[in-house]
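**Student:** Pasting a structure below so you can have a look.
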Amino acid sequence: MTESLAFTVPLTIEAHQIARQLSSAQFVPKRAKRAYLNSLAVYATRFYLQCMEIESDCFFDRDPSMPTIEACSVLEISDIGKLECCPILESDRTVRLPEETWGDRIGYIIVQFNESLTHANLLGFIQKTTLESVPLDRLESLETFLTYITELEESQPANSIQEQKTVKLSQWWYDTVETGWGTLDALFPRTQFAWRNSPVPTDHSKHSVTRAKILNLARHDRVALALALLQLNNSEIEIWVEIYPLQPNIYLPENLKLSVLDEMGVQVIQAEARTTENIQIKFVADPGELFGVRVSLEEVSVTESFVV
Amino acid sequence: MDRRLKQLAIEAQQYLPKSLKRRLALNQLCAELLKPGCLTGSTVPSEFDRQEIYNEALSLTLMEICKKINNYNPEKEVRQWCNFIFKKRQQDIIDKYRKQGMTSIPRVSALAKSDRENATFSRVNNLDDLENILSSAETRSASMELRQLIEEDPDCMFSREHIRDRPDANLKFLAISHIWDDRIWSDIAEELKLPVPTIHGFFQKKFPPFYPYFREYLKH
């Protein structure tokens with residue numbers, strides 16, 4: 001059994017300066033002292049996280065001018081959640097985990113300070129509690145903490161809507177396109193592909209732009225999703241959404257569905273393929289509007305998010 | 001010990017950044033390096049605060065070891081590589097302070113200051129000293145003024161903010177109890193017979209907007 005993993009952080013002038021600034025913003029002397037220690041605890045934990053290549057952010061990354069005392073002890077781990085940093089002294093035998101944090105934190109890191117406040121020792125970790133006062137022998141090691149955080153990082157869903165980048169359609173007018181999107185000419189040889197059923201102007205027109213992307217539908221065939229933007233006389237944009245089969249197919253897979261979703265993810269328009277060469281939806285939107293396009297076939301679906 | 005250090009360094013290099021195995025190896029490596037006698041560094045000129053230079057250099061060194069572990073050459077000894085970085089950082093820091101025109105670094109630890117001023121080493125068992133040092137006469141009086149303002153509650157500006165259907169669970173009561181009387185939320189919640197998240201959430205939302213007003217108030 002390896003000895004329990006710990007980590008010691010040297011506390012520098014910078015750490016103390018931040019703590020001093022924070023504590024001077026408190027209303028009451030006793031709270032000022034607590035804020036000072038909370039701030040040092042956050043500083044030490046943040047240092048540790050940086051060494052472990054875990055991204056985080058805390059009150060002193062943002063505006064430290066008037067944080068609440070609660071803010072002084074929280075480290076927000078990117079995309080995962082809030083970690084509470086709890087300072088204790090060498091003489092303490094228990095640590096206080098306030099009830100108001102129980103529902104809101106992914107865990108608690110316990111940081112012990114030496115008398116002269118020159119070092120912070122990250123003693124351990126508690127994931128969950130239903131007690132305000134926890135004895136130190138209940139602490140789990142940093143190894144448990146690292147395992148827990150790494151698991152949380154790895155379980156981030158790859159296709160969740162927040163993860164997926166929202167395509168900024170306004171950029172298309174300036175020829176800036178996200179990865180995966182290209183002009184029709186770039187993606188498909190002219191012979192294979194033609195906008196047969198739509199009178200959408202080609203890119204030669206100043207007032208329209210068309211881009212396409214190849215979508216993978218898992219074990220089904222790949223298809224091409226194309227979006228054409230047409231600037232109307234007022235500020236509105238007419239949007240054409242089309243799906244095309246890719247060579248060697250002439251027709252789209254049967255029962256392929258194309259839907260347009262509103263910003264809440266609710267389907268507002270739908271079209272379905274039945275021995276068709278392409279399907280098309282068109283609608284009008286205002287700049288700044290958010291919408292989604294979903295292509296689904298049986299159990300597989302791909303959703304792209306856009307902002308006009 | 002050197003063998004162990006090498007084993008950990010090589011292990012850390014093998015795994016991908018952000019992987020669990022790499023993190024564990026780096027953590028253990030740092031823990032070993034922090035053992036007494038491991039990292040030595042150079043002597044610091046006497047006009048400088050040895051502890052502070054040491055701490056700053058150590059900080060930079062640990063971070064560099066973790067971020068640049070792939071730069072370690074397995075043909076060399078780990079201690080050699082780390083001490084090299086450590087000594088360089090020490091020098092960088094000394095140069096930095098010299099350039100700033102400082103020949104000595106002020107001790108910032110509020111407690112250590114009292115150590116320095118007295119010939120005898122006064123151990124601090126609790127941090128009341130810190131509390132005293134942080135609160136000057138000025139901040140104490142500001143604190144009392146604000147408390148008074150809230151107690152007086154002109155135009156009921158604080159008491160009129162309250163939880164729905166509970167005029168007793170108002171901002172005046174919560175602020176005095178939580179901030180000035182230093183009562184914990186679970187305690188206050190029990191007295192009011194309301195859930196902790198309710199009163200805590202209410203307070204976090206309604207109290208901070210008064211901060212600019214308090215700042216202005218204290219100016220006059």
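Throughout, read-outs are computed from the coordinates displayed, never taken from laboratory work. Source: prediction; values computed, not measured. Cβ coordinates were reconstructed from backbone atoms using ideal geometry, including for glycine residues, and neighbour counts include every protein chain displayed.
**Student:** Determine ³J(HN,Hα), in whole Hz, for all residues of region B:173-179 in sequence, where each value follows from phi through the Karplus function 6.51 cos²θ - 1.76 cosθ + 1.60 and θ = phi - 60°; x replaces Gly and Pro.
**Tutor:** 4, 5, 5, 4, 5, 6, 8
**Student:** Can I ask one more? Mind listing the long-range amide H neighbours of A:GLY107? Cut-off is under 5 Å, sequence gap 5 or more, other chains count too, H placed in the peptide plane at 1.01 Å from N.
**Tutor:** A:GLU84
**Student:** Could you give the alpha-carbon Rg of region A:208-261 over 2.2 N^0.38 Å, rounded to two decimals?
**Tutor:** Working: Rg = 13.5 Å, N = 54, 2.2 N^0.38 = 10.0 Å.
Expressed relative to 2.2 N^0.38 Å, the Cα Rg reads 1.34.
**Student:** Multiply the residue gap between A:ASP221 and A:GLU238 by 0.36 nm, knock off their C-alpha separation, and tell me the result in nm, one decimal place. Working shown, then result.
**Tutor:** Working: separation 17, 0.36 × 17 = 6.12 nm, distance 2.89 nm.
Gain on stretching A:ASP221 to A:GLU238: 3.2 nm.
**Student:** Given H placed 1.01 Å from N in the peptide plane, which residues other than close sequence neighbours of A:LEU5 have an amide H under 5 Å from its amide H?
**Tutor:** Amide H to amide H, under 5 Å and 5 or more residues apart or across chains, A:LEU5 pairs with A:LEU142, A:GLU143.
**Student:** Just flag the trypsin sites (Lys or Arg not before Pro) in region B:1-73 sitting in loop per DSSP whose Cβ has no more than 15 other Cβ atoms within 10 Å. Numbers along the way, then the final one.
**Tutor:** Values: sites: B:ARG3, B:ARG4, B:LYS6, B:LYS18, B:LYS21, B:ARG22, B:ARG23, B:ARG50, B:LYS67, B:LYS68; in loops: B:LYS18, B:LYS68.
Here the sparse-neighbourhood loop sites are B:LYS18, B:LYS68.
**Student:** For Cα pairs less than 8 Å apart in space and 6+ apart in sequence, what is the mean separation divided by the residue count of chain A, i.e. the relative contact order in percent?
**Tutor:** Working: 564 pairs, mean separation 34.0, N = 308.
11 percent.
**Student:** Tell me the Kirkwood radius of region A:13-115: reciprocal of the mean inverse pair distance over distinct alpha-carbon atoms, in Å.
**Tutor:** In region A:13-115 this quantity evaluates to 13.8 Å.
**Student:** A further question on this structure: Taking the alpha-carbon centroid of each part, what is the distance from region A:241-281 to region B:31-69 in angstrom?
**Tutor:** What the calculation gives is 62 Å, centre to centre.
**Student:** Quick one: net charge around A:THR150, please, counting Lys, Arg +1 and Asp, Glu -1 for every other residue with C-beta under 15 Å from its C-beta. Walk me through the intermediate numbers first.
**Tutor:** On the way: positive: B:LYS18, B:LYS21, B:ARG22, B:ARG23; negative: A:GLU53, A:GLU55, A:ASP79, A:GLU140, A:GLU143, A:GLU151, A:GLU153, A:GLU154.
That sum, taken over residues with Cβ under 15 Å, equals -4.
**Student:** No other cysteine beta carbon under 4.7 Å away is the test; run it over chain A and list who passes.
**Tutor:** Lone cysteines by the Cβ rule: A:CYS58, A:CYS72, A:CYS85, A:CYS86.
**Student:** Here's another thing I want to ask about it. Under a Cβ-Cβ cut-off of 14 Å, what is the net charge of the residues other than A:THR45 that fall near it, where Lys and Arg count +1 and Asp and Glu count -1?
**Tutor:** Working: positive: A:ARG46, A:LYS82, A:ARG105; negative: A:GLU55, A:ASP57, A:ASP61, A:GLU76, A:GLU84.
Spelling it out: positives minus negatives among the neighbours equals -2.
**Student:** Could you work out the mean count of beta carbons from other protein chains within 10 Å of each residue's beta carbon in B:170-183? Each step should come with its number before you reach the end.
**Tutor:** Working: counts 0, 0, 0, 0, 0, 1, 0, 0, 2, 6, 4, 1, 4, 0.
Neighbouring Cβ atoms belonging to other protein chains average 1 per residue here.
**Student:** What nm value, rounded to one decimal, do you get for the distance between B:GLU191 and A:ASP286 when each label is placed 7 Å out toward the C-beta?
**Tutor:** Result: 5.0 nm between the two label points.
**Student:** To the nearest whole number, what is the average tally of beta carbon atoms from other chains within 10 Å of the beta carbons of peptide A:32-41?
**Tutor:** 3
**Student:** Count charges around A:GLU132 for me, please; just the other residues with Cβ under 9 Å from its Cβ, Lys/Arg as +1, Asp/Glu as -1.
**Tutor:** Every neighbour counted, the sum reads 0.
**Student:** Which trypsin sites (Lys or Arg not before Pro) does region A:72-106 hold that lie in a coil by DSSP with at most 13 other beta carbons within 10 Å?
**Tutor:** Taking region A:72-106 and a limit of 13 other Cβ atoms within 10 Å, the loop trypsin sites (Lys or Arg not before Pro) found are A:ARG93.
**Student:** Right, here's the next one. Sort chain A into rounded, prolate or oblate with this rule: let a ≥ b ≥ c be the square roots of the eigenvalues of the Cα gyration tensor; rounded if a/c is under 1.5, and if a/c is not under 1.5, prolate when a/b is larger than b/c, oblate otherwise. Provide the component values of the computation, followed by the final result.
**Tutor:** Numbers: a/c = 3.42, a/b = 2.52, b/c = 1.36.
Prolate, because a/c is 1.5 or more and a/b exceeds b/c.
**Student:** Here's something else I'd like to know. Using a 10 Å cut-off on Cβ to Cβ distances, tally the other chain neighbours for every residue of B:17-23 and report the average as a whole number.
**Tutor:** 6
**Student:** Using modelled amide H (1.01 Å from N, peptide plane; none on Pro or chain starts), what sits under 5 Å from the amide H of A:LEU256, excluding residues fewer than 5 places away?
**Tutor:** Amide H neighbours of A:LEU256, under 5 Å, 5+ apart: A:ALA273.
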